[in-house]
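Take a look at the structure set out below.
We did not get these values from a lab; they are worked out from the coordinates using the rules stated. In this text, all values refer to a predicted model and were calculated from it rather than measured experimentally. Heads up, the Cβs are rebuilt from the backbone with ideal geometry, glycines too, and the neighbour counts pull from every protein chain shown.
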Amino acid sequence: MAPKHSYSQVSQTSDVKSSIEEELDESDNGPESGRKSRFPSSIFFTILLNGLSLVFGIGIGASIVAIITHRPAPQQPNNAKPVAGTVAMIDGIEAPGTQCGDTWQEAKALGCHFDVMASRWYAPECFDQTALEGMLDEQPYVNFTWYEDKEHTRVYPSELVLRGEFDKVYPSGDYHIYHCLYLWRRLHHAVIKNKPVDEDLLEYGHTLHCTRMIMQWMDPSIPRTTISSATSGTPFCRSSRLGLMV
């Protein structure tokens, strides 16, 4: 609720006129002098009142012009669409979509969202927050330490990884396995919700890689490796739902 303001009532013109005439009449010595002074005082008062009104009106008009002239321009909303109108050639067909620049710095400046399980920056319409939060809730499995080197000797701050502020890091544990499982979960969610998907998710070669890696991971005769890397990528995302080429 707006604060209440108190205002004092401005005296009416007739009251001001009467008070001025009364002050002028007090200096008169008689009826004759009163009749002579009252007429010019009325003329003087009228001129004065008109002059004040003119000055007051000019002042108000100037103030309004100044307010309009110096009013700050409305700020643009902080939800600009990242790289709208981007087109990619897919199987010889031009596909419209979005892409969050070429680096994580550009992606961040464009207002894109980082998906730590995909290790990718996405435009808002391609980012699946529900799928990501669901995967991050799978504790204690989805809990990693991040390193600057593949030997895992220098720890990289987790808060920077979660914000996507890195070029390349080396996660601990089974991140690579959970990364693959997450992408399939995300793809299924995109089918259910009819959402746009990115080229990483549509790349069949990546699915083959993930399935073969998991099969080898389950083979006790093959040593498990925990050395994997993650880059902060910016894949192209098709505007069409489920990436269908229509």
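Quick notes on this one:
- Where the Cα pairs of region 86-241 fall when distances are cut into 5 Å bins, in %: 2, 9, 17, 20, 21, 16, 9, 5, 2, 0
- Of GLY92, TYR147, ILE177, farthest towards positive along the dipole that unit charges on Lys, Arg, Asp, Glu beta carbons give region 86-241: ILE177
- Simple point charges give the picture: +1 on the Cβ of Lys and Arg, -1 on the Cβ of Asp and Glu, and for region 86-241 a dipole about the Cα centre of about 260 debye.
- In loop segments of region 146-246 as defined by DSSP, the trypsin sites (Lys or Arg not before Pro) with at most 15 further C-beta atoms inside 10 Å of their C-beta are LYS150, ARG154, ARG163, ARG224.
- Available extension along the chain between LEU160 and ARG224 is 20.3 nm, counting 0.36 nm per residue and deducting the alpha carbon span.
- Net charge contributed by nearby residues that have their C-beta within less than 12 Å of LEU202 (K/R +1, D/E -1): -3
- Each Lys or Arg adds one and each Asp or Glu subtracts one; over the other residues with Cβ under 13 Å from the Cβ of HIS179, this totals -1.
- Restriction of the chymotrypsin sites (Phe, Trp or Tyr not before Pro) in region 129-180 to DSSP coil positions whose beta-carbon has at most 15 other beta-carbons within 10 angstrom yields TYR141.
- Per-residue HN-Hα couplings for region 228-240 [Karplus 6.51, -1.76, 1.60; θ = phi - 60°; Hz; x = Gly/Pro]: 8, 10, 9, 10, 8, x, 9, x, 6, 10, 6, 6, 5
- Efficiency of FRET between ASP174 and GLN129 - r from beta-carbon atoms, R0 25 angstrom, step 0.05: 0.60
- From phi via Karplus (6.51, -1.76, 1.60), per-residue ³J(HN,Hα) for region 206-216 in Hz, x at Gly/Pro: 5, 5, 4, 4, 5, 5, 5, 5, 5, 4, 5
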